[in-house]
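> I am attaching a structure below and will ask some questions about it afterwards.
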Amino acid sequence: MNFTTRRRLGCFLFAATAGLAWVLDFSLRVRLRRVELLTGLTLMVVILLLTLFNARKKLPFLPLLRASTWMQIHIYVGLFSCVLFGLHTGWRIPRGAFEFALALLFYLVSASGVVGLAISRWLPSRLTVQGENVIFERIPALRAAVRREVEEMVVESVAKSQSSTIADFYEARLRNYFSRQRFLVYHLVGYGKPRHELLSEAQSLDRYLNADERGILGRIVEKIQAKDDLDLQAARQGLLKGWLFVHIPLTYSMILMALVHGILGWKLS
Amino acid sequence: MSDSSQIVKRPQRWDVPFWSELENPEPLTPGVVDRWLELPIFRGMEASRFPLNNSPRDILANDGRLRRFKAGDIIVRQGDYGHSAFIVLSGSAQVILDNLGDLVRGREDSSRKGWLGALAQLWRNPKLPEVRNLGDRRPERPEEHTDFIDKDAAGIFVQDINVIIKGKRTVDLPAGELFGEIAALSRTARTSTVIAGSDSEMLEIRWQGLRDIRLHAPEFKEYVDRLYRDHSLLSHLRETAMFRHLDDATLKRVAAATEFLTFGNFEWYATYSKMRETSGAERIQKEPVIAQEGHYPNGVYLVRSGFARLSETYNNGERTVSYLGRGQIYGFAEVAMNWKDKTELPFQRTLRAVGYADVLFVPTSVLEAEVLPRLPTAELPRKRLAAAGLGGVRDMKIRPEMMEFMVERRFINGTATMIIDMDRCTRCDDCVRACASTHNNNPRFLRHGPIADGFMIANACMHCQDPVCMIGCPTGAIHRDSAHGLVVINDRTCIGCATCANSCPYDNIQMVTARSPDGRPFYDRATNQPIQKAAKCDLCSNQITGPACANACPHDALVRMDMRDVDHLGSWLNRQ
């Protein structure tokens, strides 16, 4: 099955199930039945089903369907859970403090899921075409190596030319740049102005240098670009990995609160 | 190194003699080996040509074993991957020329874990990397070391074998004859099933022994090579669709006229790294031309082993349009059309050996006299279809830059190449974690590798059609699993020489340091050097899930692809 067919099938199943749930909810409500318990229990089961995806990831040695199948189920069942949540709350924001906090958690979990899905589809192709594809965990070591090389170049420039022009520039503008991740937000949104400015600044030194220094400056400029590419990879790969650190803890907090909410609702009903 | 339990003896080439891998091992006595050396096949060998530490006696004592079969026992099965050849000592063997299909296949895969065994990995996997239990003891009593036992050597019993082979074409091999050399020498599957014609004794030699004897005994080499050509030629022609209408006599006439040609270098991996440094245009010019676009089609070429590139002239260069592997044919459409329509269509493409290629050349005159008149009209190319079949770049499912990349880097060699769609891969490393979980917490591939057209060919063993990593292995530790043809490493017999890792053109084998369960490396008692082992992807052959990496990818970004299936590859690359 190609992606387009799969997407259409998923959307159709989601729409059909959501429509069915809405019709059922409506028909029970017009008969003055209390549907909160039914929608609440169903929602709880659906949320637990969604969390099983993470458990599946921990058991790759068991034949429990492909992770990509689980992912599709997770996406469409996740969307369905939003519909169920709406039916359960009557499409209103709850007023009580506890219920409001629980609803807020649900909104945050859902929003982080949607954002995570969007960046998982949007960022990878941009990562592929910008800079070398490096393994995330290796980036600090590669960054340190780049910095060492640049420092050696700076020392070489002083030794060769007896001039501190490049060394001064390094102290003033590059030491901080090479020492850690820079321009995080710019890299996340894909705005290249800081890189462009730094490169222009470095290249403008050219007129003050002799031939040896110019050669060294050229190599330093290459390293500025390499470091920026590493920062870009770190920022975007970090985002691709990091959103789960929001989505998953929020999910578990929400499940705990939902259990308390369920028990309270059952006791008080 | 304070703990002496970590100091062990480094495994050696002679540690695990071939006979000791049998379930009921029968140690070889010097008298037995001496009798083998008297066989006509070995008689002409001069011991002085062999190195002192690798004499013919040493080789046979280490790489030979005596096998006994009852009449009807299956000795080798068509389709299995073998790593040894046999010499009939007494009795006879019967080669079954026809395909027996699945009747004698279906060996139980006993090495695969069950559900409980799979689940137990959750708590049994060591926390530290590359943990092993290495002992000093070699398998003097192999029954205590089941890892050494060659499960493939356990007899294969099939009920009513005589009924199964009734009506099939067979050839009897009397005492003194050699068989099984095709699979042993060319790293391919057995081409025929062979059964014991009567109660028999066979000398089985593993391929490392064959290789060493061939290296130092020219007469033996000449004999084995001649046999290899004769046997492989007939078996290949028999497997080829366009010859299936021929009777035995005609097929033999075709075989007699067929030339066995080799292009390129069998040990192509030796020059692979240097080749990668040259430009694409230079590379293609260095590849030996098998047949040239625009030339008169003087015959058809059947690829027997290796690979060939199909290219066409494009402005001032050559554009790769496809590649051919074992069993594929070049030039048939042109020859058949010329015969049918009395035209003079030249070859439409150039055929070049990529690395090396063994090809069979069947001349046009033989095809016109023996083959084409017997082919049903439906199997002859129609005029318009012929032009389309010969194709243009419009028909290609794979974009030209991707095709060039795969052919030039020789990724077409893979039967389970790991391809990652970088436009879908979120770099989550779920694939790497799944691999580690199924391999004692040691990932067996790197999510890293060359990228072309948005697709990465990751550093994971491709389980090549032509696994050159196996060529130099002194102990046979790296071998093909007989049932599935996967290239796997026997960790117990690996001596850590790194020959396979150095031979792998794709850098897909890593050398790792073996550690004790408390995390300290093992050291060799004699040299004080750490004990190394070769490690690589085994395609999760012992897992119930199949390849964990592909199953674990939530974004459908990773696939293990058989590169022989160009249509499937093209479909996957163009998914939408």
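The values are calculated or read from the model by the stated rules, or taken from the named source; none is laboratory data. In this text, all values refer to a predicted model and were calculated from it rather than measured experimentally. Note that we place each Cβ from the backbone using ideal geometry, even for glycine, and neighbour counts take in every protein chain shown.
> Within the stretch A:96-144, take every residue that is basic (Lys, Arg) and closer than 18 Å to A:Arg180 by Cα and give me the one that is surrounded by the fewest Cβ atoms within 10 Å (Cβ to Cβ).
Pass one, the stretch A:96-144, residues basic (Lys, Arg): A:121, A:126, A:138, A:143.
Within this subset, residues satisfying the condition of being closer than 18 Å to A:Arg180 by Cα are A:138, A:143.
Values: A:Arg138: 13, A:Arg143: 20.
Within the stretch A:96-144, the match that is surrounded by the fewest Cβ atoms within 10 Å (Cβ to Cβ) is A:Arg138.
> Please go through the stretch A:107-136 and give me each residue that is within 9 Å of chain B (Cβ to nearest Cβ) and free of Cβ contacts under 8 Å to residues at least 12 places away in the same chain, ordered by number.
Passing the criteria: A:Arg121, A:Ser125, A:Thr128, A:Val129, A:Ile135.
> Next question, about the same structure. I'd like the full set of residues that are within 14 Å of another protein chain (Cβ to nearest Cβ), within 22 Å of the chain's Cα centre (by Cα) and not in a strand (DSSP E or B), limited to the stretch B:555-566.
The initial filter retains those residues of the stretch B:555-566 that are within 14 Å of another protein chain (Cβ to nearest Cβ), namely B:555-560.
Remaining after also requiring within 22 Å of the chain's Cα centre (by Cα): B:559-560.
Selection gives nothing.
> I'd like to know if the stretch A:258-269 contains one or more residues that are under 30 Å from A:Val45 (Cβ atoms), of a type in the set (A, V, I, L, M, F, W, C) and surrounded by 13 or more Cβ atoms within 10 Å (Cβ to Cβ).
Taking every residue of the stretch A:258-269 in turn, at least one turns out to be under 30 Å from A:Val45 (Cβ atoms), of a type in the set (A, V, I, L, M, F, W, C) and surrounded by 13 or more Cβ atoms within 10 Å (Cβ to Cβ).
> Here's something else I'd like to know. Does B:Thr493 qualify as being within 14 Å of chain A (Cβ to nearest Cβ), among the hydroxyl-bearing types (Ser, Thr, Tyr) and either touching a strand residue (DSSP E or B) at 6+ places or on another chain (Cβ under 6 Å) or touching a residue at least 12 places away in the same chain (Cβ under 8 Å) (or both)?
Against the criterion (within 14 Å of chain A (Cβ to nearest Cβ), among the hydroxyl-bearing types (Ser, Thr, Tyr) and either touching a strand residue (DSSP E or B) at 6+ places or on another chain (Cβ under 6 Å) or touching a residue at least 12 places away in the same chain (Cβ under 8 Å) (or both)), B:Thr493 does not qualify.
> Go through the stretch A:50-72 and give me each residue that's more than 22 Å from the chain's Cα centre (by Cα) and either within 8 Å of another protein chain (Cβ to nearest Cβ) or under 17 Å from A:Gly116 (Cα atoms) (or both).
Passing the criteria: A:Leu59, A:Pro60, A:Phe61, A:Leu62, A:Pro63, A:Arg66.
> Given the residues A:Ile75, A:Ile47, which is the only one that is assigned to a helix (DSSP H, G or I), more than 14 Å from every other protein chain (Cβ to nearest Cβ), within 24 Å of the chain's Cα centre (by Cα) and within 18 Å of A:Ile248 (Cβ to Cβ)?
A:Ile47
> If you don't mind, there's one more thing I want to ask. Looking at (1) within 13 Å of chain A (Cβ to nearest Cβ); (2) touching an Asp or Glu at 6+ places or on another chain (Cβ under 8 Å); (3) surrounded by fewer than 20 Cβ atoms within 10 Å (Cβ to Cβ), find the lone condition where B:Ala552 falls short.
B:Ala552 satisfies all of (1) within 13 Å of chain A (Cβ to nearest Cβ); (2) touching an Asp or Glu at 6+ places or on another chain (Cβ under 8 Å); (3) surrounded by fewer than 20 Cβ atoms within 10 Å (Cβ to Cβ) except (3).
> Now, a different point. Take the residues in the stretch A:13-32 that are surrounded by 11 or more Cβ atoms within 10 Å (Cβ to Cβ) and free of Cβ contacts under 8 Å to residues at least 60 places away in the same chain; name whichever of them is nearest to B:Asp556 (Cα to Cα).
Looking at the filtered set, the residue picked out is A:Ala15.
> For the stretch B:159-269, give me every one of the helices (runs of 4 or more DSSP H) that falls completely inside it and has 2 or more residues that are of a type in the set (Asp, Glu) and within 20 Å of the chain's Cα centre (by Cα).
Filter on the stretch B:159-269 gives B:218-239.
> Scanning the stretch A:240-256 for residues that are among the hydrophobic types (A, V, I, L, M, F, W, C) and crowded, with 18+ Cβ neighbours inside 10 Å, which turns out nearest to the other protein chains (Cβ to nearest Cβ)?
A:Leu240
> Take the stretch B:243-279 and flag every residue that is touching a strand residue (DSSP E or B) at 6+ places or on another chain (Cβ under 7 Å), under 20 Å from B:Ala336 (Cβ atoms) and surrounded by 14 or more Cβ atoms within 10 Å (Cβ to Cβ).
B:Val254, B:Ala257, B:Thr258
Okay, residues lined up against (1) of a type in the set (S, T, N, Q); (2) surrounded by 17 or more Cβ atoms within 10 Å (Cβ to Cβ); (3) modelled with pLDDT of 95 or more:
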position: A:Thr165; (1), (2), (3): yes, no, no
position: A:His187; (1), (2), (3): no, yes, no
position: A:Lys193; (1), (2), (3): no, no, no
position: A:Glu201; (1), (2), (3): no, no, no
position: A:Tyr208; (1), (2), (3): no, no, no
position: A:Ala211; (1), (2), (3): no, no, no
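> Select, from B:Ala460, B:Ala477, the only residue that is touching a residue at least 40 places away in the same chain (Cβ under 8 Å), touching a strand residue (DSSP E or B) at 6+ places or on another chain (Cβ under 9 Å) and under 30 Å from B:Ser20 (Cβ atoms).
B:Ala477
> Take the residues of the stretch B:395-422 that are buried (at least 23 other Cβ atoms within 10 Å of the Cβ) and of a type in the set (S, T, N, Q): which is nearest to B:Ala557 (Cα to Cα)?
B:Thr417
> Would you mind stating whether B:Cys425 is part of a loop (DSSP other than H, G, I, E, B), of a type outside the set (Gly, Ala, Ser), within 14 Å of chain A (Cβ to nearest Cβ) and crowded, with 22+ Cβ neighbours inside 10 Å?
So B:Cys425 passes the test.
> Go through the stretch B:500-550 and count every residue that is polar (S, T, N, Q) and in a strand (DSSP E or B).
Result for the stretch B:500-550: 3.
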